[in-house]
1. Taking a point 7 angstrom from the Cα of E88 along the C-beta vector, which residues in the stretch 134-164 have backbone N less than 11 Å away?
2. Summarise the accessible area of the stretch 106-278 (1.4 Å probe, protein heavy atoms) by the percent that is carbon and sulfur.
3. Rounded, prolate or oblate for the stretch 32-73? Axes are the square roots of the Cα gyration tensor eigenvalues, ordered a ≥ b ≥ c, and the cut-off for rounded is a/c under 1.5.
4. Compute log10 of I(q)/I(0) for the stretch 6-86 with the Debye formula, placing one identical point scatterer on every Cα and leaving out solvent, at q = 0.14, 0.23, 0.26 Å⁻¹, to two decimals.
5. Take the alpha-carbon positions of the chain, form their convex hull, and give its projected area averaged over all directions (one quarter of the hull surface) in nm².
6. The stretch 1-49 to the stretch 201-280: how many Å between their Cα centroids?
7. If the viscosity is 0.890 mPa s and the temperature 25 °C, what translational diffusion coefficient in µm²/s does Stokes-Einstein give for the stretch 1-150 when Rh comes from Kirkwood over Cα pairs?
8. How fast does the stretch 209-255 diffuse by Stokes-Einstein, in µm²/s, taking the Kirkwood radius from C-alpha pairs at 25 °C and 0.890 mPa s?
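The values are calculated or read from the model by the stated rules, or taken from the named source; none is laboratory data. As the structure is a computational prediction, the values presented were derived from the model and not from experiment. Please note: Cβ atoms are built from the backbone with ideal geometry, for glycine as well, and neighbour counts cover all protein chains shown. Calculation scope for accessible area: heavy atoms of the full protein, side chains included, ligands and nucleic acids excluded. Shrake-Rupley method; radii C 1.70, N 1.55, O 1.52, S 1.80 Å.
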Amino acid sequence: MPARNLREALEGKLSDLEVKLLGRSFDIVGDVGIVKIPEPLLQKKKLIGEALMSVHKNLRTVLMQTSPVSGEFRTRKLEVIAGDPNTETVHKEYGCLFKVDLSKVYFSPRLATERMRISSLVRPNEVVVNMFAGVGCYSIIMAKHSDVGKVYSIDKNPVAVRYMHENVRINKVGGKVVPICGDAGEVIEKQLRGKADRVLMPLPESAREFLDSALTALRPQGGVIHFYDFGEDPDPFGPSIKFVRERLSERRVEVTGKRIVRSYAPRVYHIVLDLLVCRE
Ligand SMILES: C[S@@+](CC[C@H](N)C(=O)[O-])C[C@H]1O[C@@H](n2cnc3c(N)ncnc32)[C@H](O)[C@@H]1O
């Protein structure tokens with residue numbers, strides 16, 4: 001009988017202890033699998049990659065993540081451990097297609113639910129600024145699943161913006177999603193002051209630093225900011241709410257939503273606050 005999961009596929013090839021060490025966690029992006037392999041199992045990486053391909057028949061390539069997501073462009077180092085040595089793929093999410101080169105741009109399939117949640121909040125004809133748009137995932141999901149007017153979609157990584165243009169074309173959302181290459185703070189200052197009904201800040205590592213720019217992008221009468229941050233047990237939201245209230249002390253701020261997007265490390269979470277910001 002063919003193996004039903006990675007654990008079964010590795011039976012007899014890895015000891016019980018090694019299987020436990022490997023864990024269950026891997027991502028599938030398009031036809032590429034991405035695994036993290038602990039140091040003691042590195043000698044068996046090829047075997048693990050082939051086992052993953054034998055379970056998921058549609059996989060063309062398996063990549064091993066060899067560094068954490070890091071740097072300004074939030075990329076990671078990857079090594080091909082099985083299949084075709086090509087890191088470009090096309091991922092399908094809620095009826096949208098995202099072309100990405102996993103070694104050159106940020107992409108996570110684990111944000112799919114959050115992307116759809118944001119899209120469900122958008123009202124007809126809103127102008128949205130997506131400050132850290134990557135290859136355009138939040139913006140394109142929004143353009144396909146809401147009646148958004150325009151989504152100005154900024155990213156500093158020129159390769160991500162090249163894929164964003166391609167994804168806008170593939171998904172036929174050219175009238176709605178406007179890719180812009182540059183630093184979010186500078187782009188807002190120069191061309192998007194006071195334009196937005198809603199601002200997305202999907203970069204928890206730097207959202208605090210860019211909150212003033214998000215406020216600059218909002219219409220003078222106010223609007224909504226989706227503020228991503230990190231939070232810890234036992235109070236994952238408290239410190240972020242305190243920070244936002246202090247930083248925006250001259251505005252009336254209502255926290256209309258708060259949510260754990262995903263676990264980031266033991267007892268540490270990637271969180272989001274939905275902020276309704278009014279003039280006074
Ligand atoms: C965590 S990724 C989010 C990507 C995207 N929202 C998604 O869901 O796939 C953050 C993105 O912010 C971009 N970035 C980092 N600093 C930036 C800045 N100062 N201005 C604009 N983009 C920036 C990175 O290149 C990266 O693509």
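1. Answer for this model: 163.
2. Using a 1.4 Å probe with all protein chains present, the stretch 106-278 comes out at 50 percent carbon and sulfur.
3. Note, shape of the stretch 32-73 comes out oblate.
4. -0.44, -1.11, -1.35
5. Working: hull surface 62.2 nm².
Computing the convex hull of the Cα atoms and averaging its projections yields 15.5 nm².
6. 37 Å
7. Estimated diffusion coefficient is 145 µm²/s.
8. Working: Rh = 11.6 Å.
The calculation lands on 211 µm²/s.
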